[in-house]
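Trainee: Let me begin by handing over the structure; questions about it come next.
Nothing in this text is a laboratory measurement; each read-out follows from the coordinates by a stated rule. None of these values were measured; they are calculated from a predicted model. All Cβ positions, even for glycine, are placed from backbone atoms using ideal geometry, and neighbour counts span all protein chains on display.
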Amino acid sequence: MQLTLKVWRQDSPTDAGHFETYQATDVKDEMSFLEMLDAVNENLIEAGREPIVFDSDCREGICGTCGLMINGQAHGPQKGTTTCQLHMRKFHDGETVTIEPWRAAAFPVVKDLMVDRSAFDAIVQAGGFITADTGAARDANEILIPKPAADAAMDAAGCIGCGACVAACPNGAGQLFTSAKLAHLNLLPQGQSERYKRTEDMVETMELFFGSCTNYGECQEACPKEIPIDFIAMMNRDFLKSKLANRKLSGQKH
Amino acid sequence: MSNVVLDSKVPEGPIQDRWDNHKFNMKLVNPANKRKFTVLVVGTGLAGAAAAATLAELGYQVKCFTFHDSPRRAHSIAAQGGINAAKNYKNDGDSVYRLFYDTVKGGDFRARESNVYRLAQVSVNIIDQCVAQGVPFAREYGGLLDNRSFGGAQVSRTFYARGQTGQQLLLGAYQALMQQVSLGRVELHTKTELLDVVKKDGVAVGIVTRNVTTGEVQSWSGHATLLCTGGYGNAFYLSTNAMNSNVTAAWRAHKKGALFANACYTQIHPTCIPASDESQSKLTLMSESLRNDGRIWVPKKFDDNRPADQIPEEDRDYYLERKYPSYGNLAPRDIASRAAKVVCDEGRGVGPLKNGVYLDFSESISRLGETTVFERYGNLFDMYERITDENPMKVPMRIYPASHYTMGGLWVDYNLMTTVPGLYALGEANFSDHGANRLGASALMQGLADGYFVAPYTVGDYLAGLLGQGVVPTSDPVFVEAEQAVRDETRRWLSVGGTKSPEYYHRELGKLVWDYCGMARDKNGLEKALSEIPALREEFQKNVRVLGSAEGVNQSLEKVGRVADFFDLGELMCRDALMREESCGGHFRVEHQTDDGEAQRNDEEFSFVGAWEWNGDGTAQTLHKEQLVFENVKPTQRSYK
């Protein structure tokens with residue numbers, strides 16, 4: 001099949017950027033979307049033109065490195081699927097495909113289709129952990145965790161940090177990502193002692209970078225791991241509680 | 001310069017006591033002095049993130065480097081199956097000694113006993129540590145941890161988090177690391193790739209990196225440097241490794257004097273999705289657990305083009321069940337992989353390119369029902385369908401072996417130190433614990449053992465001897481020269497002005513390495529590879545095209561240096577395979593097999609670690625041998641009949 005690609009090219013974070021049009025020829029159904037771009041890049045190099053910069057690594061849908069807006073949809077048309085796992089059989093001959101980077105204020109474009117998602121690391125750094133220095137742990141089976149709690153924590157922990165939720169959100173909000181990490185840790189017994197401090201610190205750090213949630217629900221539609229927005233409700237409740245709990249703990253410092 | 005002495009520094013005494021005695025005998029650094037030491041940790045996978053976090057908790061100044069945009073992207077994240085630990089929670093007869101025994105045997109008696117024993121010992125601490133961090137392992141209804149048996153083990157010792165165990169363990173280590181970053185004890189440098197290791201007076205004093213966003217070349221000095229940079233499976237081009245996984249850090253260390261051991265020990269995983277065409281960029285693994293309920297077969301006839309459902313039972317060859325009646329479809333990875341290659345080479349492969357074998361669930365579906373089978377493997381079936389557009393509930397899966405893990409790596413002693421003082425290698429980057437073949441669910445165990453529980457002790461022992469010494473300043477000529485060499489190298493690649501992309505040459509190299517040094521090797525093929533690889537390298541150096549500049553993002557520039565190192569490594573893999581005139585684990589020399597086609601070891605002559613010393617570009621490496629001593633597990637012929 002043959003496709004016309006409209007690809008966003010941007011030299012640097014400060015460059016204005018523009019679309020360029022390329023022809024992708026000999027595209028086969030079995031190719032992944034990124035393999036199709038690989039082939040376009042090899043042709044560009046042979047023609048002496050700079051290849052399109054895009055991020056990818058594991059190409060099995062788990063590392064969270066890849067992510068493109070494909071015809072305006074984060075990770076493209078297939079539900080529950082990362083860009084690297086999207087295959088060309090989902091497109092048809094002669095189609096024009098528009099490819100853009102994640103569009104969000106918190107994710108500045110580095111070059112072409114590559115963005116900077118370090119804001120996510122800042123949120124985790126603010127509290128996305130359970131303090132447990134190496135060596136101090138007690139026997140693993142001394143902590144009983146009911147299966148439903150462990151399963152729910154795992155549902156949330158499956159987040160790959162790709163940023164599709166932010167890219168899909170009209171507000172560029174980071175709620176789904178933040179709430180997934182909070183739910184993972186806040187649902188477990190090990191996570192209780194830092195629960196409210198963690199929640200307050202992570203949410204407030206999130207708000208330094210990201211827009212606000214107004215319940216569009218686009219994030220859960222775009223999420224390649226199909227993480228539900230229920231976790232956002234849980235985060236909001238814990239955040240409210242944290243405002244009371246943390247005041248008490250800190251001796252009314254605010 | 002063959003003054004290298006391979007001293008494994010294995011402690012004396014009964015094997016059960018060695019690690020404890022060693023820990024007691026090691027020098028300590030008092031808490032107030034720890035902050036005077038700087039440790040560089042390169043790589044943020046399981047080994048790197050765990051080591052960086054733990055060293056920082058202890059009080060050392062840690063600088064941590066990854067070429068990814070976040071530590072969480074490291075390829076440890078893709079491990080599916082699980083992590084072994086000798087907890088014996090199932091009361092089924094497991095013990096530290098049994099895990100040790102299984103690992104030595106599984107490695108086909110080519111691993112160092114003392115290291116393996118320590119690995120089995122600390123395996124139990126790893127699970128405790130990970131649970132404390134909040135890793136959501138699978139649970140039973142009573143709230144206790146669930147276990148399963150994995151990779152042919154006769155006990156249930158594998159802990160798992162759905163099919164995403166690597167992801168959850170890595171996120172645990174990453175979160176511990178980010179906490180240390182927040183406390184100011186770890187200085188994290190993302191998008192920063194190691195391009196050289198710097199030595200002064202024979203000792204590792206730091207590294208040179210290139211920032212892959214800005215192109216800035218920079219030096220970093222430390223009292224010790226830990227390479228936690230993964231394996232080299234991408235030498236085959238097509239593998240289950242991530243696109244960016246590479247050997248560069250280990251290789252540049254090798255070129256600076258660190259010996260590289262057992263390069264030919266590579267693991268081929270039997271259940272991957274076959275390549276569909278030339279444009280394929282990587283292969284995807286399907287969890288080995290599928291072999292529990294799937295039956296593997298090919299048509300009996302050559303070039304049988306009928307669809308699977310039109311091939312009657314009598315025309316099917318369930319070759320694993322035929323050849324290995326007792327283990328059947330659960331035969332170990334190396335054996336199952338070679339058997340698939342044999343039938344495909346005979347012309348009995350299936351699929352459009354005749355490059356796969358069937359993994360058929362129809363019998364399980366009729367025995368257990370669709371619901372049960374889908375409950376067990378649904379997520380894998382969905383993944384398979386996304387890639388192939390075929391539903392394994394209706395049509396048998398097609399699978400073929402692919403490069404998955406590399407047991408070889410930088411030679412390290414018992415302290416995980418390479419032959420360069422002050423330079424350590426952890427996790428898949430070293431050679432130490434898996435011998436010639438790694439058992440399922442043991443890679444995660446080793447990465448975390450090295451990072452959480454081994455290196456933090458042994459590095460301290462080394463640092464204690466450096467008390468009072470500052471780091472070598474990055475203005476020192478050794479750094480200035482190394483930086484200049486990196487810049488010159490970059491400029492050279494940009495000025496070749498050839499016609500083909502680095503990707504093209506990687507693919508061509510991969511075909512050579514796979515054809516001659518893949519699942520089966522022989523003398524003629526390896527000798528052929530040793531003449532063809534240098535010829536291709538010469539073409540690569542003259543005809544590769546790297547566009548753009550040294551400043552800013554340039555993915556071709558990142559790639560070209562990695563491909564150059566894969567050329568050198570591919571050559572060493574072949575040289576190592578040619579030297580090793582025996583078959584063992586993942587290394588199968590067709591000249592050395594039993595009458596019924598099994599690997600035949602030669603313990604008399606080859607019970608050693610083959611560690612190679614770099615002698616400069618264009619000169620063959622020198623072989624050094626570390627004899628392996630088996631005091632506890634007696635080497636036997638593995639049999640899975």
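Trainee: Would you work out the charge dipole size for the protein assembly as shown about its Cα centre, treating the Cβ of every Lys and Arg as +1 and the Cβ of every Asp and Glu as -1, and quote it to the nearest 20 debye? If you can, show how the numbers build up before the last one.
Mentor: Numbers: 95 positive and 114 negative charges, 398 e Å.
Magnitude of the dipole: close to 1920 debye.
Trainee: Between the DSSP loop rule and a limit of at most 16 other Cβ atoms within 10 Å, which GluC sites (Glu not before Pro) in region B:309-348 are left?
Mentor: Values: sites: B:313, B:314, B:321, B:346; in loops: B:346.
The qualifying sites are B:346.
Trainee: Now for a separate question. If you average 1/r across every pair of different Cα atoms in region B:268-401 and take the reciprocal, what Kirkwood value do you get, in Å? Could you put the intermediate results ahead of the total?
Mentor: Numbers: mean 1/r = 0.0672 Å⁻¹.
Its Kirkwood hydrodynamic radius stands at 14.9 Å.
Trainee: Give me the one-decimal Kirkwood hydrodynamic radius in Å for region B:335-413, with the sum taken over alpha-carbon pairs.
Mentor: On the way: mean 1/r = 0.0683 Å⁻¹.
14.6 Å is the Kirkwood radius here.
Trainee: Now a separate question. For q = 0.13 Å⁻¹, what log10 I(q)/I(0) does region B:524-588 give under the Debye formula with an equal point scatterer on each alpha carbon and no solvent?
Mentor: Those come out to -0.49, one per q.
Trainee: About the Cα centre of chain B, how large is the charge dipole given +1 on each Lys and Arg Cβ and -1 on each Asp and Glu Cβ? Please answer in debye to the nearest 20.
Mentor: Details: 71 positive and 79 negative charges, 213 e Å.
Using only the charged Cβ atoms, the result is roughly 1020 debye.
Trainee: Output the 0 to 90 degree angle, nearest 10, between the alpha-carbon long axis of helix B:96-106 and the longest principal axis computed from the alpha carbons of chain B.
Mentor: Its long axis makes an angle of about 70 degrees.
Trainee: Moving to a separate point now. Over all alpha-carbon pairs in region B:293-344, figure out the percentage whose distance exceeds 14 Å. The partial results should precede the final answer.
Mentor: On the way: 689 of 1326 pairs.
So the portion of pairs separated by more than 14 Å is 52 percent.
Trainee: Throw me the Rg/Rh for region B:483-641, computed over C-alpha atoms with Kirkwood Rh, two decimals.
Mentor: Details: Rg = 19.5 Å, Rh = 18.0 Å.
My calculation of the ratio gives 1.08.
Trainee: For helix B:502-517, what angle does its Cα long axis make with the longest principal axis of chain B, in degrees from 0 to 90 and rounded to 10?
Mentor: 60
Trainee: Still on this model: Could you go through region A:43-55 in sequence order and give the Karplus-derived ³J(HN,Hα) for each residue, using 6.51 cos²θ - 1.76 cosθ + 1.60 with θ = phi - 60°, rounded to whole Hz, and x for Gly and Pro?
Mentor: Listing the rounded values in order: 5, 4, 4, 5, 8, x, 10, 5, x, 6, 8, 8, 8 Hz.
Trainee: If you plug each phi of region B:600-612 into the Karplus form 6.51 cos²θ - 1.76 cosθ + 1.60 with θ = phi - 60°, what whole-Hz ³J(HN,Hα) values come out, in order, with x for Gly and Pro?
Mentor: Listing the rounded values in order: 10, 6, 10, 5, 4, 9, 10, 7, 8, 8, x, 10, 9 Hz.
Trainee: Let me ask you something else. Alpha carbon centre of region B:509-582 versus region B:345-409: separation in Å?
Mentor: Taking the Cα centre of region B:345-409 as reference, the centre of region B:509-582 is 31 Å away.
Trainee: Here is a further query. Using a Debye calculation, one point per C-alpha and no hydration shell, please list log10 I(q)/I(0) for the protein assembly as shown at q = 0.09 Å⁻¹ in order.
Mentor: -0.91
Trainee: Regarding region A:128-254, what are the three Cα extents along the principal axes, ordered largest first, in Å?
Mentor: 44, 37, 24
Trainee: Need one number: convex hull volume per residue for region B:265-333, Cα atoms only, in Å³. List each step's numbers first, then the result.
Mentor: Values: hull volume 10.1 nm³, N = 69.
It comes to 146 Å³ per residue, whole-number rounded.
Trainee: Further question: Once Rh for chain A is found with the Kirkwood sum over Cα pairs, what is the Stokes-Einstein diffusion coefficient at 37 °C and 0.692 mPa s, in µm²/s? Please report the intermediate quantities before stating the final value.
Mentor: Working: Rh = 19.8 Å.
D = 165 µm²/s.
Trainee: Have a look at the DSSP beta bridges in the protein assembly as shown and tell me what percent are antiparallel, nearest 5. Don't jump to the answer; show the numbers that get you there.
Mentor: On the way: 59 of 84 bridges.
DSSP beta bridges in the protein assembly as shown are roughly 70 percent antiparallel.
Trainee: I need to check one value: relative contact order of chain B, counting alpha carbon pairs closer than 8 Å and at least 6 residues apart, in percent.
Mentor: Working: 1367 pairs, mean separation 128.7, N = 641.
Worked out over chain B, it gives 20 percent.
Trainee: Could you please tell me the mean projected area of the C-alpha convex hull for region B:380-533, averaged over all directions and given in square nanometres to one decimal?
Mentor: Values: hull surface 62.9 nm².
Hull-based average projected area comes out at 15.7 nm².
Trainee: Relative to the longest principal axis of the C-alpha atoms of chain B, give the angle of the C-alpha long axis of helix B:455-464, reported between 0 and 90° and rounded to the nearest 10°.
Mentor: 20
Trainee: Set the Förster distance to 51 Å, then compute FRET efficiency between residue B:524 and residue B:216 from the Cβ-Cβ distance, nearest 0.05. Walk me through the numbers before you get to the answer.
Mentor: Details: r = 47 Å, r/R0 = 0.93.
So the FRET efficiency works out to roughly 0.60.
Trainee: How long are the semi-axes of the equivalent ellipsoid of region B:48-199, taking √(5λ) for every eigenvalue λ of the Cα gyration tensor, in whole Å from largest down?
Mentor: Values: eigenvalues 181, 76, 42 Å².
They are 30, 19, 14 Å, listed largest first.
Trainee: Could you state the orientation-averaged shadow area of the convex hull built on the Cα atoms of chain B, in nm² to one decimal?
Mentor: On the way: hull surface 111.7 nm².
For chain B, averaging the hull's shadow over all directions gives 27.9 nm².
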